[in-house]
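Quick notes on the structure that follows.
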Amino acid sequence: MSDTTPIIRMINVSKLFGDFVALDDVSLSVAAGERVVICGPSGSGKSTLIRCINRLEPHDRGRIIVDGLELDEDMANLRSVRQEVGMVFQQFNLFPHLTVLENLTLGPIRVRRMARPAAEALARQYLERVHIPEQADKYPGQLSGGQQQRVAIARALCMEPRIMLFDEPTSALDPEMIKEVLDVMVELAGTGMTMLCVTHEMGFARKVADRMVFMEAGRIVETAPPEAFFTAPASPRARLFLDQVLEH
Amino acid sequence: MVEAADRVTIRRRSLRPRRLLSSRLVSVLLYLLVVWLILRTALNGAAAMGYNWQWYRIPQFLLERTEDGFQAGELLTGLLASLILSGLAFLLALFLGLIVALLRLSDLVVGRAVARLFLEIVRNMPLLVLLYVFYYVTGPIFGLNRYVASVICLGVYHAALVSEIFRAGINSIATGQWEAAAAIGLSRRQTYRFVILPQAVRFMLPPMTGEAVNMIKSSAIVSVIAVAELTTAGRNIISDTYLSFEIWFTVAALYLAVTLCLSLLATHLEHRLATKS
Ligand SMILES: Nc1ncnc2c1ncn2[C@@H]1O[C@H](COP(=O)(O)OP(=O)(O)O)[C@@H](O)[C@H]1O
Ligand SMILES: [Mg+2]
């Protein structure tokens with residue numbers, strides 16, 4: 001049953017900012033363990049789409065069901081969903097007044113109600129996973145961008161989510177740090193995590209994506225397996241976009 | 001690396017003239033200069049009036065010699081009472097100010113309206129009138145004695161500005177912090193407690209210290225309803241001894257000493273926070 005029931009279902013979802021339609025009747029289902037890469041021009045609604053999945057943006061129309069829970073006004077539901085869904089932001093958004101270890105244990109202690117020693121052990125285990133166990137006692141400001149983003153990934157993983165959302169996780173990084181973050185993401189993909197990534201890193205997309213989603217003006221224009229998408233995109237808009245992105 | 005180091009030295013250099021003016025030594029010297037000018041004018045005036053100075057009678061009001069050594073005199077006791085009164089009122093102002101700030105930032109329409117109403121009323125009323133209202137009107141109704149009425153009055157009055165400091169501090173935190181906290185499932189309350197307020201405190205400490213200075217200064221007003229504190233102590237001594245010039249100078253100097261210390265603390269904190277970030 002769990003194989004056939006999608007872990008994320010978005011059904012005719014629309015999102016408006018005032019009069020502006022940021023998401024226009026979008027439907028998308030993601031199976032457990034599936035890795036979806038979302039791309040499209042700037043302003044096409046990619047961030048809005050994945051931010052609706054943990055309700056950082058409440059949607060205006062349609063339904064979103066995550067792991068069997070419908071996203072609505074119900075705060076208890078929302079908290080359960082947010083424990084199931086981890087998120088990594090373009091700007092890292094680490095808590096600058098807390099050490100790396102404290103950044104990682106805040107959620108487990110306050111939301112999952114874990115004891116501090118257990119939470120710290122968990123945090124160290126995930127720091128190991130993102131290859132920076134030695135940075136546990138530093139503050140975010142003392143780390144490089146790539147290290148900060150890996151801490152942010154570990155912070156999300158410490159909630160032991162079933163789904164991970166990435167919103168352009170490498171866009172704010174210097175080129176030499178992009179690879180260390182992508183490597184961690186590829187390793188994560190290897191563990192069977194359900195992943196939705198907004199990214200323009202097409203090499204990463206080719207390597208891990210089960211499915212490509214191309215967005216334009218608040219709509220999903222094309223959905224295709226990566227080989228098909230990269231070799232022969234169906235829509236002219238996607239072709240144009242790929243030409244621009246793959247140029248550099 | 002080289003670039004970063006350059007930027008630091010450039011910042012240092014451009015800050016230097018301002019730093020000099022805001023340095024502790026310069027501000028203390030300026031303060032002392034102004035005080036000296038005022039004192040000199042006053043002393044000349046007093047001499048012209050033929051005032052009979054009796055400074056030798058003042059120390060007893062600061063420290064009294066008794067059988068078991070020295071004991072705080074009336075003025076020092078009054079100063080301590082002023083500090084306790086201001087401290088209690090400031091705690092109340094912090095508490096009310098935080099609530100008002102959180103209400104204003106909340107999604108509750110009623111909450112925001114209540115906060116605005118509170119601010120409009122408090123801001124547009126003279127402190128003295130507010131004190132009379134608390135002492136002569138709500139005092140008898142709720143059975144508040146003059147001390148409690150004073151603490152509540154001062155706390156309410158300063159809560160308005162304190163709430164603005166809280167609001168500015170909370171608003172200074174980037175929205176990404178809220179989103180990151182929400183994404184790991186923290187509630188709004190937990191987000192305030194563990195993420196937003198600890199960061200906002202850094203921005204709020206200097207203006208809060210300034211507001212504490214204001215509190216000490218405005219606490220003198222409760223002498224009009226004869227609450228025992230520094231200004232009241234001064235008035236009482238003068239009515240017994242007629243040493244009005246000496247006592248008022250001493251009272252002023254005591255207020256000055258305390259507020260000056262707090263102001264120095266504020267500049268010190270500002271400096272430390274500026275260099276840290
Ligand atoms: N909070 C907001 N208020 C108003 N408009 C917004 C807001 N967030 C996003 N938008 C608008 O919605 C559109 C889609 O934004 P976004 O989802 O961030 O695009 P993308 O991530 O694909 O670049 C953009 O035109 C953007 O200006
Ligand atoms: Mg975006």
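The values are calculated or read from the model by the stated rules, or taken from the named source; none is laboratory data. Given the structure is predicted, the values throughout are model-derived calculations rather than measurements. Cβ placement follows ideal geometry from the backbone for every residue including glycine, while neighbour counts extend to all protein chains displayed. Side chains are part of the model used for accessible areas, which takes the heavy atoms of the whole protein and leaves out ligands, DNA and RNA. Shrake-Rupley method; radii C 1.70, N 1.55, O 1.52, S 1.80 Å.
By the Cα gyration tensor, the range A:1-148 has an equivalent ellipsoid whose semi-axes, rounded to whole angstrom, run 31, 19, 15 from largest to smallest. Where does helix B:230-241 land angle-wise versus the long Cα axis of chain B, in degrees 0 to 90, nearest 10? Tilt of helix B:230-241: around 10 degrees. Converting phi to 3J(HN,Hα) with the Karplus coefficients 6.51, -1.76 and 1.60 and the offset θ = phi - 60°, the range B:126-134 yields x, 4, 4, 5, 4, 5, 4, 4, 5 Hz in sequence order, with x at every glycine or proline. Accessible surface for the range A:6-246, divided over its residues, is 41 Å² per residue with a 1.4 Å probe. Across q = 0.10, 0.11 Å⁻¹, the range A:6-246 modelled as identical point scatterers on its alpha-carbon atoms has Debye log10 I(q)/I(0) values of -0.47, -0.57, in the order of the q list. At q = 0.14, 0.17 Å⁻¹ the log10 of I(q)/I(0) for the range B:158-257 amounts to -0.67, -0.80, computed by Debye summation with a single uniform scatterer per C-alpha, solvent ignored. Of the residues B:L230, A:V213, A:V111, the one whose Cα sits farthest towards the positive end of the charge dipole of the protein assembly as shown is B:L230 (charges of +1 on Lys and Arg Cβ, -1 on Asp and Glu Cβ, taken about the Cα centre).
Each of A:L101, A:V37, A:A22 was placed along the dipole of chain A (beta-carbon charges, centred on the mean Cα), and the one lying farthest toward the positive end is A:L101.
Of the candidates B:F61, B:F249, B:F70, which one comes out as most mobile in a Gaussian network treatment of chain B with C-alpha springs shorter than 10 Å? Answer for the Gaussian network model of chain B: B:F70. Considering all alpha-carbon pairs of the range A:50-109, what whole percent are spaced by more than 15 angstrom? Here the long-distance tail beyond 15 Å is 56 percent of all Cα pairs in the range A:50-109. In this Cβ point-charge picture (+1 for Lys and Arg, -1 for Asp and Glu), chain A has a dipole of about 440 debye about its Cα centre. In chain B, a dipole from Cβ-located charges (positive for Lys and Arg, negative for Asp and Glu) runs towards its positive end, and of B:G139, B:A180, B:L98 it is B:A180 whose Cα lies farthest in that direction. Across the range A:221-226, coupling constants 3J(HN,Hα) worked out from phi with the 6.51/-1.76/1.60 Karplus curve, θ = phi - 60°, read 8, 8, 10, 7, x, x Hz, and Gly and Pro carry x. Our summary gives the range A:6-246 a relative contact order of 26 percent, counting only alpha carbon pairs under 8 angstrom and 6 or more residues apart. From the largest down, the protein assembly as shown spans 104, 60, 46 angstrom on the principal axes of its Cα atoms. Per 5 Å bin, what is the whole-percent P(r) computed from every C-alpha pair distance within the range A:169-236? Result, from short to long distances: 3, 15, 25, 22, 18, 13, 4 percent. Both chains summed, the buried accessible area for A and B stands near 1600 Å², from protein heavy atoms and a 1.4 Å probe.
Axis of helix B:146-171 versus longest Cα principal axis of chain B: the two differ by about 30°, to the nearest ten degrees.
Here is the tail figure for the range A:130-183: Cα pairs spaced more than 17 Å apart come to 36 percent of all pairs. Considering Cα pairs under 8 angstrom that are at least six residues apart, work out the relative contact order of chain B and quote it in whole percent. Answer for chain B is 22 percent. Rounded to the nearest 20 debye, the dipole size of chain B about its Cα centre is 1180 debye, using +1 on the Cβ of Lys and Arg and -1 on the Cβ of Asp and Glu. Rounded to whole numbers, the Karplus 3J(HN,Hα) couplings from phi for the range B:184-201 are 8, x, 5, 6, 4, 4, 5, 4, 4, 5, 9, 10, 7, 4, x, 7, 5, 3 Hz, using 6.51 cos²θ - 1.76 cosθ + 1.60 with θ = phi - 60°, and x at Gly and Pro.
About its Cα centre, the protein assembly as shown has a charge dipole of approximately 1120 debye under the convention of +1 per Lys or Arg Cβ and -1 per Asp or Glu Cβ, with nothing else charged.
Per-residue shielding of B:249-261, expressed as the average number of other chain Cβ atoms within 10 Å of the residue Cβ, stands at 0. Distance distribution note for the range B:73-276: the fraction of Cα pairs above 23 angstrom is 54%.
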